[in-house]
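Below is one structure, written out as structure tokens, with a few remarks after it.
The values are calculated or read from the model by the stated rules, or taken from the named source; none is laboratory data. Predicted model, so just to flag it, every value in this text is computed and none were measured. Methodologically, a virtual Cβ is constructed for each residue, glycine included, from the backbone with ideal geometry; neighbour enumeration extends over all protein chains shown.
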Amino acid sequence: MADNAEGQVESNEARLIREEYNIWKKNTPYLYDLLITQELTWPSLTAQWLPGREVQGCHATQRLLLGTNTEGEEADHLLIYEVSGPASATTAPEEGTAKGKATDEAPAAVIRPVQRIKHETAVNRARFMPQRASIVATKPEASDVNVFDCDMHPAGLEEEASEEAEERNGANSASPQHTLKGHSEPGFAVAWSPHTPGHLLSGATDGLICMWDIGSGNQTLNAQHVFREHNGPVGEVAWQPLREGCFGSVGDDKRLILWDVRAPGAAQSHEVHESDILCLDFNPFNEYIVATGSKDTSVLLHDIRKLQKPLHRFAHHSDEVLQVKWSPTAETILASGGNDRRLFIWDLSRIGDEQAAEDAEDGPPELLFSHSGHTGEVSDFSWNAEDDWVMASVDSANSLQVWQLAQSIYEDDYRN
């Protein structure tokens with residue numbers, strides 16, 4: 001009897017998700033200037049745009065960093081995908097590959113894999129080094145952190161490296177160029193320094209934050225520094241882009257901790273949420289502003305000079321918030337994604353604006369946009385720093401979506 005009840009609940013939830021998706025899909029022509037949806041063979045827990053957008057006429061090409069999560073059913077891989085399509089969203093087909101045919105003025109959008117590197121387990125997170133994008137750090141479902149130089153691995157989609165590639169690299173090209181030791185458990189948190197090439201931070205469920213300098217060239221590296229302050233798993237680490245040597249961390253102990261690598265202990269430590277904190281991001285334009293997202297469903301805005309009380313609480317998610325990320329091009333724009341299958345874009349400049357009662361039903365005034373195209377939890381997303389308002393997002397239902405909200409939604413305040 002209990003099994004039947006559970007099955008009915010699951011069936012009702014699946015039906016609700018499908019109905020919501022169909023409503024969203026029907027309205028996409030009015031919501032987006034660009035929308036491309038790709039079903040992946042396996043879900044990706046990670047997504048990041050790689051730099052190097054190439055534009056030829058009305059055609060643009062750029063690459064994405066992804067990974068697989070096969071849960072042991074097949075070999076896992078670090079993936080690089082290529083996204084090709086119209087250079088200007090105004091010339092895009094209405095719904096990417098599924099919504100329009102190619103013309104001379106508007107080439108059809110295509111997403112395809114171009115490189116696959118064997119990975120020991122699921123790729124929990126993958127991030128490229130800002131100073132050299134071919135260098136990629138990955139967090140596997142294991143304690144060590146891996147660093148790959150993608151240029152040293154064969155291009156293409158062959159399962160095994162060719163003998164020529166192995167001979168050229170002096171090792172099995174499926175192996176990482178560096179193995180970083182220091183953790184005893186896996187995790188998701190990893191971040192390259194934007195200021196110092198080769199400096200990498202990692203956090204894990206063992207409660208530790210480790211830092212390495214891969215510049216020594218050794219294949220196996222022990223942590224250069226280990227930061228111990230969290231009482232439980234570390235959810236995320238992030239460097240402060242406007243303060244060299246400074247970074248922040250959050251964890252299941254509900255604390256936001258600020259650090260300086262030149263100091264032995266934490267600079268600040270404050271409990272800022274009601275439950276586990278899963279993510280944080282520092283504003284790239286204002287050195288004092290940081291956002292955090294939590295299992296308590298909230299996104300909080302903080303001033304690091306006054307961490308005792310948040311500046312603002314963004315409340316519209318209905319489940320835990322997995323990621324928060326600031327726009328790389330607009331100071332007041334923040335995005336958040338979570339287990340509720342939603343990716344919200346917030347505009348801080350609209351906080352406190354008056355609303356009609358009808359508009360308030362859709363969310364607070366600072367909620368600029370709701371991307372509702374995912375049917376599984378939003379595992380990760382990435383702003384495109386080289387193409388304004390373009391986003392890539394992935395979910396647990398094997399979907400990769402590349403999209404740009406309609407200019408009419410934001411043009412009043414953000415004309416280019």
>> Going residue by residue through segment 378-386, is there one that turns out to be aliphatic (A, V, I, L, M) and either surrounded by 15 or more Cβ atoms within 10 Å (Cβ to Cβ) or more than 29 Å from GLY52 (Cβ to Cβ) (or both)?
In response: yes
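One line per residue, one yes/no per condition, for (1) buried (at least 24 other Cβ atoms within 10 Å of the Cβ); (2) not basic (Lys, Arg):
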residue	(1), (2)
ASP213	no, yes
SER216	no, yes
GLN219	no, yes
GLY232	no, yes
VAL237	yes, yes
ARG262	no, no
ALA266	no, yes
ASN283	no, yes
> So GLY72 fits all but one of (1) among the small types (Gly, Ala, Ser); (2) over 27 Å from ASP388 (Cβ atoms); (3) modelled with pLDDT of 95 or more; what number is the exception?
Replying inline: (3)
>> Restricting to segment 333-345, and then to whatever is within 17 Å of VAL390 (Cβ to Cβ) and in contact with a Ser or Thr (Cβ under 6 Å, 6 or more places away or on another chain), can you tell me which residue is surrounded by the most Cβ atoms within 10 Å (Cβ to Cβ)?
In response: PHE344
>> Which residue is farthest from the chain's Cα centre (by Cα), if the candidates are limited to segment 322-355 and must be of a type in the set (Asp, Glu), assigned to a loop (DSSP other than H, G, I, E, B) and over 23 Å from ALA189 (Cβ atoms)?
In response: GLU354
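Conditions (1) within 23 Å of the chain's Cα centre (by Cα); (2) of a type in the set (Gly, Ala, Ser); (3) not in a loop (DSSP other than H, G, I, E, B), marked per residue:
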{"residue": "HIS183", "(1), (2), (3)": "yes, no, no"}
{"residue": "VAL190", "(1), (2), (3)": "yes, no, yes"}
{"residue": "PRO194", "(1), (2), (3)": "yes, no, no"}
{"residue": "CYS210", "(1), (2), (3)": "yes, no, yes"}
{"residue": "LEU221", "(1), (2), (3)": "no, no, yes"}
{"residue": "GLY232", "(1), (2), (3)": "yes, yes, no"}
> Which ones in segment 248-267 are out of contact with any Pro (no Cβ under 7 Å at 6 or more places or on another chain), assigned to a strand (DSSP E or B) and under 20 Å from LYS309 (Cα atoms)?
Replying inline: GLY248, SER249, VAL250, ARG255, LEU256, ILE257, LEU258, TRP259
> Looking at segment 304-332, which of its residues are over 22 Å from GLY251 (Cα atoms), crowded, with 20+ Cβ neighbours inside 10 Å and touching an Asp or Glu at 6+ places or on another chain (Cβ under 6 Å)?
Replying inline: THR332
> Of all residues in segment 282-303, how many are farther than 18 Å from HIS230 by Cα and either assigned to a loop (DSSP other than H, G, I, E, B) or under 17 Å from the mean Cα position of the chain (by Cα) (or both)?
Replying inline: 13
> Given VAL261, VAL272, which one is under 21 Å from GLU320 (Cβ atoms) and of a type in the set (Val, Ile, Thr)?
Replying inline: VAL272
> Given (1) on the phi > 0 side of the Ramachandran plot; (2) of a type outside the set (Phe, Trp, Tyr); (3) crowded, with 24+ Cβ neighbours inside 10 Å, where does LYS254 come up short, assuming only one miss?
Replying inline: (3)
>> Please verify whether ARG313 is touching a Gly at 6+ places or on another chain (Cβ under 9 Å), touching a residue at least 12 places away in the same chain (Cβ under 8 Å) and not hydrophobic (A, V, I, L, M, F, W, C), treating the condition exactly as stated.
In response: no
> So how many residues does segment 191-207 have that are within 17 Å of TRP239 (Cβ to Cβ) and either surrounded by fewer than 24 Cβ atoms within 10 Å (Cβ to Cβ) or acidic (Asp, Glu) (or both)?
Replying inline: 9
> Counting only residues that are surrounded by 15 or more Cβ atoms within 10 Å (Cβ to Cβ) and not β-branched (Val, Ile, Thr), how many does segment 38-58 have?
Replying inline: 12
